[in-house]
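Worksheet for the structure shown next.
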Amino acid sequence: MFAFIVRRIIATIPVMAFVALFVFSLLYIAPGDPAAVIAGDQATPQDVERIRQGLGLDRPFLIRFGEWLFNVLRGDLGISIFTSLPVTQLIKQRIEPTVSLMAVTLVLAIGIAVPMGVIAAWKAGSWIDRLAMAVSVTGFSVPVFVVGYLLAYIFALQLDWLPVQGYTPLSQGVWPWFENLILPAITLGFVYIALIARITRASMLEVLQQDYIRTARSKGVSQPSILFVHALKNAAIPIVTVIGIGIALLIGGAVVTESVFAIPGLGRLTVDAILRRDYPVIQGVVLMFSFVYVLINLLVDLIYTLIDPRIRY
Amino acid sequence: MTRLLTEKDVVVARQLPDVLPARAPLTGFIGYCRRNPAIAVGAGLLLLMLFLALAAPLLWTVDPTALAPAKRTRVPSADYWFGTDQLGRDIYSRVIYGARVSLLVGFSVAVLASIAGLAIGLVSGMVRWADSLIMRIIDGMMSIPPILLAVALMALTRGSVQNVIIAITVAEIPRVARLVRGVVLTLREQPYVDAAIAAGTKTPRLIFRHILPNTMAPMSVQATYICASAMIVEAILSFIGAGIPPSVPSWGNIMAEGRTLWQVKPHIILFPAIFLSITVLAVNLLGDGLRDSLDPRMAKRL
């Protein structure tokens, strides 16, 4: 087991190296002159030249990449053009709201989507099933910020049940923290719920047809126990996979959700950086999120072996 | 009181033939729509949006770029069907024109990402030595969340419809390439491909005659999903200020402009949101319908 984990961790190194190379080369791949674009339309030639040097675009690609990678490995993601602060420091300041939002979303989405998919599969073809699948198709079709404004309008402005916008740190109490995150988490989780519910239903339909389910039923095992213990355990692999892959949706969606609900997290940092064309910040955030994504999917691979002991790599 | 039954009261059942004739199979256009309601509804809604987009110059009521500061943030009325935004521009006319941008971005990304993904997937599936290298690159690209990849690309280029299309296409290519590679690897194991090779078929002919046509069914389904996702990503990019330049009326831009006023004037965001959601829903329905009709075993499963 230990050897397997080590091997799996080593296998992610080339992927991460390529991500780093790709994120770095964007500066060179992008059409036009990035320095001029970042400097903006009112910039003097001196400004453009200063930014070009700051980004290292005046030096050979490989040397520049080597330096940059060396710095990244030491935890130095460069300096923000706009604020002149280290990108790592900016990320550290903004990380709590984003991690909170994602954690609440993850728990909420799995808690809603898995039972929804299981029940839809159990009652396949019934109105419950159709309703669940209709919700799922809607989830794929409505952009995340539209869901956000709709929920905020109904539950915060009209009904006044929850705060409209903002974020309270966890250190100021669990309830104020949670209360502010309910609407953003449902907003962010909507597509994710749609995705997980669909896969859960498909995977459960497959498993429910198997002989051992009939055996369990004829033994007199109760329906909830059949669904949530016997069947779900064997339907879990695709579900866990999609939960891992879907994190990409959450990361992309967080950028938008944080703008809608005025949450001062990494998404806001990214949006502000876009408006100021602060490329080092964007590069740092993209790199960090990609590494997190790779690590989460590594974790998913490790969870496989817990769910299904037959899986050995 | 009691009445005797007469012959008139007895109804004799009509004599039925031993074998009932089969119900005439539904044929033609109506039959196709009956059998594939998702395709019919999706395609119908999509054609409607396409019509709105193409006929926009005939359908607008007020010049969509005309500023009228005196008439700003009006609620919907007979003159301004969907109201006006904070610069007094007519939202109905802007939404009609916005259909052009969304559909253009959706279709272009679907076509470009399909072509590029098909080429990369074919090479990866057919050429053994290139496969592991290409797959490592694809794995790396797929580790970057698509929206962030598009955001990073947009931060380095000037906002234009063309650059938005390129940015979203680059973010979508890995998924298509991976799908095509998987299909090609399965097809290569098929007996008919072995037979073709044994009969002396050259590689280009093998690819174009035997492999490529069989990738078309899963590709067309994937292309519709890419189209739907591209329209949403375009709206998101425009919404956070990294997309289409603000001078072009696109659904994302109209919503971005309505953002600051959403608590008091929700109608500015509402109308483009409805149009965008219906269009994406139409494309998704079309995709689901195509998938079910192309692969009946999967039908009603996913």
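All other residues whose Cβ lies under 11 angstrom from that of A:Leu27 are scored, Lys and Arg at +1 and Asp and Glu at -1, for a net of +1. Directionally averaged projected area (the stretch A:2-73, Cα convex hull): 5.9 nm². Largest mean-square fluctuation among A:Asp41, A:Asp278, A:Asp76, in a Gaussian network model of chain A whose springs join Cα atoms under 10 Å apart, belongs to A:Asp41. Since only A:Val191, A:Ala202, A:Val255 are under comparison, the one whose Cα sits farthest along the positive direction of the charge dipole of the stretch A:151-270, derived from C-beta charges on Lys, Arg, Asp and Glu, is A:Ala202. What's the FRET efficiency of A:Arg7 with B:Asp131 using the Cβ-Cβ distance as r and R₀ = 22 Å, to the nearest 0.05? Efficiency for this residue pair is about 0.55.
Per-residue mean of foreign Cβ neighbours for A:275-287 is 3 (Cβ atoms of other chains, 10 Å radius).
Between the stretch B:222-259 and the stretch B:114-171, the alpha-carbon centres lie 19 Å apart. For the stretch A:88-307, dividing the convex hull volume of the Cα atoms by the residue count gives 143 Å³ per residue. Ranked for footprinting exposure by Cβ neighbours inside 10 Å, fewest first, A:Phe190, B:Phe51 give B:Phe51, A:Phe190.
Comparing A:Pro45, A:Pro238, A:Pro34 in a Gaussian network model of chain A (Cα springs below 10 Å), the most mobile by mean-square fluctuation is A:Pro45. For the peptide A:249-259, the mean number of other protein chain Cβ atoms found within 10 angstrom of a residue's Cβ is 4.
The Stokes-Einstein estimate for the stretch A:46-131, based on a Kirkwood radius over Cα pairs and taken at 10 °C with 1.306 mPa s viscosity, is a diffusion coefficient of 91 µm²/s. Ranking A:Ile182, A:Pro169, B:Ile226 by Cα position along the charge dipole of the protein assembly as shown, where only Lys, Arg, Asp and Glu carry charges on their C-beta atoms, puts B:Ile226 farthest toward the positive end.
Pulled fully out, how much extra length does the chain show between A:Gln209 and A:Gln165, if you take 0.36 nm times their separation in residues and subtract their Cα-Cα distance? Mind dumping the intermediate values first?
Values: separation 44, 0.36 × 44 = 15.84 nm, distance 4.65 nm.
Length difference between fully extended and current span is 11.2 nm.
Relative protection proxy for A:246-256, B:260-270, B:127-137, from highest mean packing down: A:246-256, B:260-270, B:127-137 (other beta-carbon atoms within 10 angstrom).
Tally Lys/Arg at +1 and Asp/Glu at -1 over every other residue whose Cβ is under 14 Å from the Cβ of A:Ile245; what's the total? Once all neighbours under 14 Å are counted, the net charge is +1.
Enter the mean number of other protein chain beta carbons within 10 Å of the beta carbon of each residue in B:238-245, as an integer.
Per residue, the number of nearby Cβ atoms from other chains is 4 on average.
Extension gain for A:Leu21 to A:Leu150 (0.36 nm times residue separation, less C-alpha to C-alpha distance): 42.5 nm. Taking label points 7 Å from Cα along the Cα-to-Cβ direction, A:Val292 and B:Thr201 give a separation of 4.8 nm. Measure nothing fancy, just the Cα-based angle from helix A:279-307's long axis to the longest principal axis of chain A, in degrees from 0 to 90, nearest 10. Here the helix axis deviates by roughly 30 degrees. Distance between the modelled labels on B:Val41 and B:Val19, one decimal in nanometres: 3.8 nm (7 Å Cα→Cβ projection).
Calculated on C-alpha atoms, the gyration radius of the protein assembly as shown divided by its Kirkwood radius gives an Rg/Rh of 1.02.
Give, rounded to the nearest 20 debye, the magnitude of the charge dipole that chain A has about its Cα centre when Lys and Arg contribute +1 at Cβ and Asp and Glu contribute -1 at Cβ.
The calculation lands at about 1080 debye.
Amide H to amide H, with H built 1.01 Å from N, A:Ile79 comes under 5 Å of A:Val87, counting only residues 5 or more places away or on other chains. In whole angstrom, the stretch A:197-297 maps to an equivalent ellipsoid with semi-axes of 44, 13, 9, each derived as √(5λ) from the alpha carbon gyration tensor and ordered largest first. In this rough spin-label picture, where each label sits 7 Å from Cα along the Cβ direction, the B:Gln263-A:Val221 distance is 5.3 nm.
When you filter the trypsin sites (Lys or Arg not before Pro) in the stretch B:142-248 for DSSP loop state and at most 15 other Cβ atoms inside 10 Å of their Cβ, you are left with B:Arg158, B:Lys202.
Mind giving me the FRET efficiency for B:Ile278 and B:Leu185? R0 is 41 Å, r the Cβ-Cβ distance, nearest 0.05 is fine. Between B:Ile278 and B:Leu185 the formula returns 0.60. Using the average count of surrounding beta-carbon atoms within 10 Å as a protection proxy, the listed peptides A:108-114, A:196-202 rank, highest first, as A:196-202, A:108-114.
Neighbours of A:Gly117, meaning other residues whose beta-carbon lies under 11 angstrom from its beta-carbon, give a summed charge of +1 when Lys and Arg score +1 and Asp and Glu score -1. Legend: calculated FRET efficiency, A:Ile128 to A:Leu85, from the Cβ-Cβ distance at R0 = 56 Å, rounded to 0.05, equals 0.60.
Just want the answer: with Cβ charges of +1 for Lys and Arg and -1 for Asp and Glu, which residue in A:Asn234, A:Leu269, A:Ile245 is farthest toward the dipole's positive end in the stretch A:223-313? Farthest towards the positive end: A:Asn234.
Quick note: the coordinates plus some simple rules give every number you see, no bench work behind them. Quick caveat, the model's predicted, so the values are computed rather than measured. As a convention, Cβ positions derive from the backbone with ideal geometry for all residues, glycine included, and neighbour counts pool all protein chains shown.
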